[in-house]
1. What's the carbon and sulfur percent of the chain's accessible surface, probe 1.4 angstrom, rounded to a whole number?
2. Taking the Cα-to-Cβ direction at Asp107 and at Thr84 and moving 7 Å from each Cα, how far apart do the two end points lie in nm?
3. With Rg and the Kirkwood Rh both taken from Cα atoms, where does Rg over Rh land for the stretch 212-260?
4. Nearest 10 degrees, 0 to 90: what angle lies between the long axis of helix 167-179 and the longest principal axis of the chain (Cα atoms)?
5. Which trypsin sites (Lys or Arg not before Pro) does the stretch 94-140 hold that lie in a coil by DSSP with at most 14 other beta carbons within 10 Å?
6. Only sites in a loop by DSSP and with at most 15 other Cβ atoms within 10 Å count here; which GluC sites (Glu not before Pro) in the stretch 120-189 make the cut?
7. Counting each pair of different Cα atoms once, what's the Kirkwood radius of the stretch 85-129 in Å, rounded to one decimal?
8. Tell me, what is the per residue accessible area of the stretch 104-222 in Å², probe radius 1.4 Å?
Amino acid sequence: MESFVTKASASAQPLKNADELIDSVETFIFDWVIWKGDKLIDGVPETLDMLRSKGKRLVFVTNNSTKSRKQYGKKFETLGLTVTEEEIFASSFAAAAYLKSIDFPKDKKVYVVGEDGILKELELAGFQYLGGPEDGGKKIELKPGFLMEHDKDVGAVVVGFDRYFNYYKVQYGTLCIRENPGCLFIATNRDAVTHLTDAQEWAGGGSMVGAFVGSTQREPLVVGKPSTFMMDYLANKFGIQKSQICMVGDRLDTDILFGQNGGCKTLLVLSGVTSLSMLQSPNNSIQPDFYTNKISDFLSLKAAAV
């Protein structure tokens with residue numbers, strides 16, 4: 001009996017009293033659990049309004065590096081949500097913020113394997129870069145004795161999700177990492193899959209990062225979830241204690257682990273990647289504090305608890 005009690009107390013609890021959780025923290029960090037594709041999940045605007053009306057700080061964090069904060073701000077706007085750039089933390093921004101935090105030399109360049117979001121954030125941070133989407137059409141003709149040149153001033157290679165991934169980029173980035181002294185290998189995230197359409201799962205940024213791990217035999221420094229860099233950055237920027245934060249997301253291995261690694265409370269919503277059977281599987285060791293079906297349960301569970 002004893003072991004059953006211990007096990008049960010360590011397992012995620014269904015969220016029954018939303019008010020209690022809301023009152024216990026001052027900041028909510030949301031993954032992209034507010035929309036699916038280009039559609040808002042029902043009840044999201046009302047839920048966010050309710051949390052703001054209670055004086056809660058809202059922050060939106062994503063491992064998706066294809067857009068910049070400004071571009072994501074426009075997406076929120078299109079969907080009728082009022083969210084400022086200051087409240088958005090994409091892994092594209094995290095890559096630039098990390099380079100700033102280590103005083104990456106301005107005379108060095110960044111080679112980008114990824115999309116427009118990373119380029120825009122590097123530009124805003126004042127860093128020189130090359131690569132990105134324009135290298136998507138480049139091919140290598142392997143002739144006898146062919147040697148590929150690369151820029152010796154590249155001091156960091158940033159790898160993110162890239163729909164234009166090709167062999168040219170793998171070779172160019174590999175040469176920089178292996179041959180330029182002290183060159184950093186930075187990954188925006190290592191997500192195995194991503195949701196480009198609601199029809200199926202698609203290979204995620206982890207597949208691009210994996211190619212470089214294979215060719216360089218080096219592990220990257222990851223700036224997105226579940227790495228603690230973004231959480232530390234947020235806590236410092238807003239002056240928040242991590243125990244006063246609740247991380248809300250739909251992935252155990254990124255969102256919930258991100259919250260746990262950062263010492264926050266965690267709430268899993270079952271409206272995305274993780275199902276209840278995955279959460280309760282004996283093979284799953286990542287247990288959030290609470291779980292619920294969707295974000296708008298904050299409203300209905302609030303009413304039920306009154």
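1. In the chain, the share of accessible area belonging to carbon and sulfur is 52 percent.
2. Distance between the two pseudo-spin positions: 3.8 nm.
3. Rg divided by Rh gives 1.10.
4. For 167-179 against the chain, the angle is about 80 degrees.
5. Qualifying residues, ordered by number: Lys106, Lys138, Lys139.
6. Qualifying residues, ordered by number: Glu141, Glu149.
7. By the Kirkwood definition, the hydrodynamic radius is 10.7 Å.
8. Solvent-accessible surface per residue comes out at 51 Å².
The values are calculated or read from the model by the stated rules, or taken from the named source; none is laboratory data. The model shown is predicted, which means the values in this text are computed figures rather than measured ones. Note that each Cβ is placed from the backbone with ideal geometry, even for glycine, and that neighbours are counted across all protein chains shown. SASA here: full protein model, heavy atoms, side chains in, ligands and nucleic acids out. Shrake-Rupley method; radii C 1.70, N 1.55, O 1.52, S 1.80 Å.
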